[in-house]
Amino acid sequence: MFKKILIANRGEIACRVIKTARKMGIKTVAVYSEADKDALHVELADEAVFIGPPPTAQSYLVMERIVQACKDTGAEAVHPGYGFLSERAAFCEALDKEGIAFIGPKVRAIEAMGDKITSKKLAKEAGVSTVPGYNEVIQDTQEAVKIAQGIGYPVMIKASAGGGGKGMRVAWNDAECADGFERSTNEARSSFGDDRVFIEKYIEEPRHIEIQVLGDSHGNIVYLGERECSLQRRHQKVIEEAPSPFLDEKTRKAMGEQAVALSRAVDYQSAGTVEFIVDSKRNFYFLEMNTRLQVEHPVTEFITGLDLVEQMIRVAAGEKLAFTQDDVKLKGWAIEARVYAEDPFRNFLPSIGRLVKYMPPKETDVVRVDTGIYEGSEVSMYYDPMIAKLITYGATRDRAIAHMRDALNEFFIRGVAHNISFLAALMVHTRFMTGRISTNMIAEEYPNGFHAVDVPHDDPALLISVAAFLHRRYMDRAARISGQLLGHERVITNDWVVLMGGNHHPVHIDPADGGYDVVYMGESYQVRSNWQFGEPLFKGTLNGTDICIQVERRDMIYRLFHWGSQADVMVLSPRVATLQALMPFKAPPDMSKYLLSPMPGLLTRVSVQVGQEVKAGEELAVIEAMKMENVLRAEQDAKVLKITAAAGDSLAVDQAIIEFE
């Protein structure tokens, strides 16, 4: 077994690998860019090596620096994680030349499966079902449109060396195909250094289901069940679960056997994933094979009891698998939610900055948090905006969902925008809870984006009762510390009005042992808690049922976050509440004549000129953020008065780019 390994990655996956290596008694070496000098993976590793500036092309993607770091530290093997160099055959070859083991598959498998065009040809030869499409290199836009017409719309345009949703577009007509081909080519070139794309039939109402495979160097290959990864936004996974609520045992077995057949065709050695698209009749078609560990691997680990990172290390060290296909048993249910630094209420725009407060839920036998950050860490514009992966487990799917809802309530993040409200909304969505999901679900259910009204609280009395508790606790403290004279003590009224959602909710509050009794609309709510002033989580009971609510006090406002719903609440005396209703409303400034940057990022192109008349839908500018191109288009006809930013500028959120007449 190896004595020391290097992790050629960053963030949560680097921390994940370090944890398993430590459990196995293996020393670890981290690598880091200038932006990551204070990162968690650097702190956790036994050693750390600096490899360059923040841009990945100058640090994490420079093979020579990784190899040199291995030689300098005596690392015997490299775990690549996912992304970066994990599927680069040249990296595997470079390590091999230096006698350094690659904790992953061999060069042949990486080359064959890393190219989506080649992999589809091999899949056909191995008897694996494939999606109809054109798998040759496409030369230009005109050829792309002609090919799409031959296949029949809708079609999917995908980068050959792609992954993570980058370089991927759906086209429903010739115009969208031409635009999608250009965008996919640009993103593929920027993200992977390979601008080749291919086109295939787009399956409507599809499910994305993948099979986890594991092979060793002794000819043994098994499949470890499936993962349902259908909940996606812009082709990027949001929620994953194992097993799939859709597959039956017959389909699971057929998909698993085809995945093994494909793996055997390339002598696959390590953990890998064969991805399929499945239609409403459980017909399945091969999409691609990822020759690496997947982001969502923890759900498989929960239901199989296997540590996939440990298995990868053992296989790379030449060990034989300690189990056979018959030994693989799936037990229980696991769900993973990806917590991102992005604002769901602003069309999921990425958010960068410092995590002023970071309190993940406590890890237990049913809750797991994979993260690469800590309180005070900075989310950088140079890397993926993932904050953490939250994974929950239950004996049944319903229990796993319940644990996820509770864990999301406890996940406290401040300093950057995050998508926890969106994740919580998905957890209670009827289609998700009943398993009627597809890769189109998010686009279908939120066609106009995600808004606060999409997460109404199903029990407003809970929020009202807790707000009443908080306010009365503050009032009682104020009465004790305000320097009162004997016989002239301040009297706290029991009658208050809770202002929430523009409505007045009269309540009556009586002190009780361990909390307060709140009477609202004729019903009594017994709120009990040992909550202390300033604590961000209100934990206690409501009528004997455990509750956890995130709370903040901002002057007169209590901000409450629960089950994805956020409410700004004021608690006032009846007289003040009456006067509050008479206060004038101050309208925000009119910014309709400006194009503002919706996110921090790099302005790569301004597509208009001063004096130009633009039509609704016309391209105005292109911003690159988190390696994705974002096209800003005119919302209405207008004339350009002034351009206040230039290509190459680094933009802040809401920075003006163009002013219109």
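Every number in this text was worked out from the coordinates using simple rules, so none of it is lab data. All values reported here derive from a predicted model rather than from experimental measurement. When we count neighbours, we look across all protein chains shown, and the Cβ atoms used for this are built from the backbone with ideal geometry, even at glycine.
So if we plug the beta-carbon distance of residue 557 and residue 357 into 1/(1 + (r/R0)^6) with R0 = 22 Å, what FRET efficiency do we get, rounded to 0.05? Working from the Cβ atoms, E equals 0.80. For Cα extents along the principal axes in Å, the candidate list reads [x] 89, 66, 53; [y] 103, 58, 42; [z] 82, 58, 46; the entry that matches the value derived from this model is [x]. One decimal place: the segment residue 616-residue 543 gains 20.8 nm when fully extended, by the rule 0.36 nm per residue minus the C-alpha distance. Scalar couplings 3J(HN,Hα) for region 26-33, obtained by applying the Karplus form with A = 6.51, B = -1.76, C = 1.60 to θ = phi - 60°, are 9, 6, 10, 10, 9, 10, 8, 8 Hz; x denotes Gly and Pro. Residues whose amide H lies under 5 Å from that of residue 387, counting only those 5 or more places away or on a different chain, are 339, 340, 341; hydrogens are built 1.01 Å from N in the peptide plane. Over all other residues within a Cβ to Cβ distance under 13 Å of residue 280, the charged ones net out to +1, with Lys and Arg as +1 and Asp and Glu as -1.
Got a sec? How would 61, 214 order by Cβ neighbour count within 10 Å, fewest to most? Kindly include the intermediate steps, with their values, before the conclusion.
Values: 61 20, 214 26.
Taking fewest neighbouring Cβ atoms as first place, the list is 61, 214.
Starting from the Cα-Cα distance between residue 590 and residue 521, subtract it from 0.36 nm times their residue separation and give me the gain in nm to one decimal.
Roughly 20.8 nm would be gained on extension.
In this label model, residue 495 and residue 636 are separated by 4.8 nm, measuring between points 7 Å along each Cα→Cβ vector. The amide H of residue 621, built 1.01 Å from its N in the peptide plane, has 607, 632 as neighbours under 5 Å, considering only residues 5 or more places off or on other chains.
Going by how many other beta carbons lie within 10 Å of each one, how would you line up 231, 602, fewest first? Let's see the in-between values first.
On the way: 231 24, 602 14.
Sorted ascending by nearby Cβ count, the order is 602, 231.
Only sites in a loop by DSSP and with at most 14 other Cβ atoms within 10 Å count here; which GluC sites (Glu not before Pro) in region 242-346 make the cut? Here the GluC sites (Glu not before Pro) that fit, given the DSSP loop and packing criteria, are 319.
Label-to-label distance for residue 579 and residue 609 is 6.1 nm, based on points extended 7 Å past Cα in the beta-carbon direction.
Among the trypsin sites (Lys or Arg not before Pro) found in region 390-497, those both in a DSSP coil and sparsely packed, with 14 or fewer other Cβ atoms within 10 Å of their Cβ, are 436, 490.
Summarising the amide proton neighbourhood of residue 52: residues at separation of 5 or more, or on other chains, whose placed amide H is nearer than 5 Å comprise 34.
Applied to region 596-603, the Karplus parametrisation 6.51 cos²θ - 1.76 cosθ + 1.60 on θ = phi - 60° returns per-residue 3J(HN,Hα) values of 9, 5, x, 7, x, x, 9, 6 Hz, with x for Gly and Pro.
So if R0 is 60 Å, what FRET efficiency would residue 153 and residue 644 give, r being the distance between their Cβ atoms, rounded to the nearest 0.05?
On the way: r = 39 Å, r/R0 = 0.66.
Efficiency for this residue pair is about 0.95.
How would 276, 533, 660 line up from fewest to most surrounding beta-carbon atoms within 10 angstrom? Could you put the intermediate results ahead of the total?
Details: 276 25, 533 9, 660 18.
Placing the least packed residue first, the sequence is 533, 660, 276.
Only the Cβ atoms of Lys and Arg (+1) and of Asp and Glu (-1) were treated as charged; on that basis the dipole of region 4-103 about its Cα centre amounts to roughly 280 debye. Could you let me know the centre-to-centre spacing of region 68-126 and region 541-573, using Cα atoms, in angstrom? Cα centroid of region 68-126 versus Cα centroid of region 541-573: 50 Å apart. Phi angles of region 319-328 translate, via the Karplus equation with coefficients 6.51, -1.76, 1.60 and θ = phi - 60°, into HN-Hα couplings of 6, 8, 4, 8, 8, 10, 4, 5, 7, 7 Hz per residue; Gly and Pro are given as x.
The label-point distance for residue 146 and residue 443, in a model that sets each label 7 Å from Cα toward Cβ, rounds to 2.7 nm.
For the chain, a crude dipole built from +1 on the beta carbon of Lys and Arg and -1 on the beta carbon of Asp and Glu, taken about the Cα centre, is about 740 debye to the nearest 20. Beta bridges assigned by DSSP with both partners in the chain are antiparallel in approximately 90 percent of cases.
For region 237-310 and region 399-439, what is the separation of their C-alpha centers, rounded to whole Å? Computed from Cα coordinates, the inter-centre distance equals 23 Å. Length gained on full extension, residue 602 to residue 267, computed as 0.36 nm times the residue gap minus the Cα-Cα distance: 116.3 nm.
The residues neighbouring residue 185, those whose beta-carbon lies less than 14 Å from its own, together hold a net charge of -2 under the Lys/Arg +1, Asp/Glu -1 convention. Counting charges near residue 566 (Lys, Arg +1; Asp, Glu -1) among other residues having Cβ under 13 Å from its Cβ returns a value of -1. Computed from the C-beta positions of residue 322 and residue 398 and an R0 of 41 Å, the FRET efficiency is 0.80 to the nearest 0.05.
Loop-resident chymotrypsin sites (Phe, Trp or Tyr not before Pro) (DSSP state other than H, G, I, E or B) in region 542-650 with no more than 11 further Cβ atoms inside 10 Å of their Cβ: 585.
Which listed residue (118, 155, 415) has the Cα farthest towards the positive end of the charge dipole for the chain, taking +1 on Lys and Arg C-beta and -1 on Asp and Glu C-beta about the Cα centre? Result: 415.
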